[in-house]
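Have a look at the structure below before the remarks.
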Amino acid sequence: MPTHHLRKASFMKIGIIGAGNIGGNLTRRLTALGHEVSVANSRGPHTLTALAEETGATPVTVAEAADGARVVVVTIPLKRVPDLPKGFLDGAADGFVVIDTGNYYPKERDGRIVAIEEGLTESRWTEQHIGHPVIKAFNGTYAQDLVERPRPQGDPERIALPVAGDDEAAKRLVRELIDELGFDTVDAGGIDDSWRQQPATPVYGLRAGVAEVTEALAAAPKERPAAHSF
C-alpha cells in the first residue's frame, strides 16, 4: 500500500496568515506533504494566485484563513498583529493550535512597543492581542531552510528548531508537524521562557542539532540586546 494512504489520517487543514518568506515556504512544504492549506495576506486573495497555482493552496481573506483549521500560522510583522480582524479565529476547528512565528524589530520595522520593552515576551504580547494561546516556532528559522534543508530522522545534518508554549498537547502537535517537515525540535519551555529564542539570542538563526540548540537556549542573556530595543 502506498505510504500516503497510511498517513492520510494525519493530514490537517492548516490556515496560514501571511504569505511572506516564511508563510510562502510553509505553504509550499505543507501542501507538498498533503495538508489542506488556506493562505491569506493583507493585500487580498487576488494577490496570491501564483502561490495558489504553484502549490494547490486556497487563497482566502485573513478573516477566512482559520475557518475549519486545526493549525493556524500567524506569520506577519509584529506591528500588524493588532490589525488582525476581530473574531478571525472564531471558525477554527475544536482544539485548534496557533503557531506564532513573529519577532520584534523595533528599529527596523515595528516601532516601540512599550509592553515588550518592559519585559513581556513577544509571543505573550501576540497572545494578548489575538485572545488565544500560541506556540512560538519558526521565528529564528531561515525561510529558505524550510525548502532546502529538510532531513530524515537520524540524519546528522538535521537542524533542530526551538518550540515554546504553555499547552503541552498543542506543543506536541507542533513538534510532530515540524518533524514531518524534516526538522528536529527542542522544547524551549513556556511562553514566558520564549525570550530565549527572540532575535539576537544565541539560538536565533542557529543551524544546528538538538544538543547545540539546547545549549544555546540555556546560554541566552535575560537582558534584551540594545540592538533590539528602542
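The values are calculated or read from the model by the stated rules, or taken from the named source; none is laboratory data. Only a predicted model underlies this, so the values are computations on that prediction, with no experimental measurement involved. Here the Cβ is made from the backbone with ideal geometry for all residues, glycine too, and neighbour counts use every protein chain on show. Heads up: the accessible areas ignore ligands, DNA and RNA and are worked out on the full protein's heavy atoms, side chains in. Shrake-Rupley method; radii C 1.70, N 1.55, O 1.52, S 1.80 Å.
Out of PHE138, PHE183, PHE88, report the one residue that is hydrophobic (A, V, I, L, M, F, W, C) and in contact with a Pro (Cβ under 9 Å, 6 or more places away or on another chain).
PHE183
Taking the condition of a type in the set (Gly, Ala, Ser), under 12 Å from GLY18 (Cα atoms) and in contact with a Phe, Trp or Tyr (Cβ under 9 Å, 6 or more places away or on another chain), does ALA69 pass?
When the stated conditions are applied, ALA69 does not pass them.
Scan the stretch 183-207 residue by residue and report those that are small (Gly, Ala, Ser) and touching a residue at least 60 places away in the same chain (Cβ under 8 Å).
Across the stretch 183-207, the qualifying residues are SER194, GLY205.
Collect the residues in the stretch 107-126 that are in contact with a strand residue (DSSP E or B) (Cβ under 8 Å, 6 or more places away or on another chain) and either among the small types (Gly, Ala, Ser) or open to solvent by 20 Å² or more (accessible area, probe 1.4 Å) (or both), keeping them in residue-number order.
If the condition is that a residue be in contact with a strand residue (DSSP E or B) (Cβ under 8 Å, 6 or more places away or on another chain) and either among the small types (Gly, Ala, Ser) or open to solvent by 20 Å² or more (accessible area, probe 1.4 Å) (or both), then SER123 is the only one that fits.
Can you confirm whether the stretch 162-171 contains a residue that is loosely packed, with under 14 Cβ neighbours inside 10 Å and not aromatic (Phe, Trp, Tyr)? Give the derivation first.
Residues of the stretch 162-171 that are loosely packed, with under 14 Cβ neighbours inside 10 Å, as a first pass: 168-169.
After this cut, where a residue has to be not aromatic (Phe, Trp, Tyr) as well, the list is 168-169.
Looking through the stretch 162-171, at least one residue is loosely packed, with under 14 Cβ neighbours inside 10 Å and not aromatic (Phe, Trp, Tyr).
Please specify each residue of the stretch 57-68 satisfying the condition of being assigned to a strand (DSSP E or B) and surrounded by fewer than 21 Cβ atoms within 10 Å (Cβ to Cβ).
Residues of the stretch 57-68 assigned to a strand (DSSP E or B): 58-59.
Answer for the stretch 57-68, where residues must be assigned to a strand (DSSP E or B) and surrounded by fewer than 21 Cβ atoms within 10 Å (Cβ to Cβ): just THR58.
Can we say ASP94 is acidic (Asp, Glu) and touching a residue at least 24 places away in the same chain (Cβ under 8 Å)?
No.
In the stretch 78-106, what count of residues is obtained for those that are surrounded by 18 or more Cβ atoms within 10 Å (Cβ to Cβ), closer than 22 Å to LEU26 by Cα and not β-branched (Val, Ile, Thr)? Show your work before the answer.
Start the filter on the stretch 78-106 by keeping residues that are surrounded by 18 or more Cβ atoms within 10 Å (Cβ to Cβ), which leaves 78, 81, 84, 88-89, 92, 96-104, 106.
Then drop every residue that is not closer than 22 Å to LEU26 by Cα, which leaves 78, 81, 84, 88-89, 92, 96-104.
From what's left, not β-branched (Val, Ile, Thr): 78, 84, 88-89, 92, 96, 100, 102-104.
Total satisfying the criteria: 10.
Can you pull out the residues in the stretch 28-38 that are out of contact with any Leu (no Cβ under 6 Å at 6 or more places or on another chain) and within 16 Å of VAL60 (Cβ to Cβ)?
Selection gives LEU30, THR31, HIS35, GLU36, SER38.
Against the condition open to solvent by less than 50 Å² (accessible area, probe 1.4 Å), under 26 Å from GLU122 (Cβ atoms) and touching a Pro at 6+ places or on another chain (Cβ under 7 Å), how does VAL39 come out, does it pass?
Yes.
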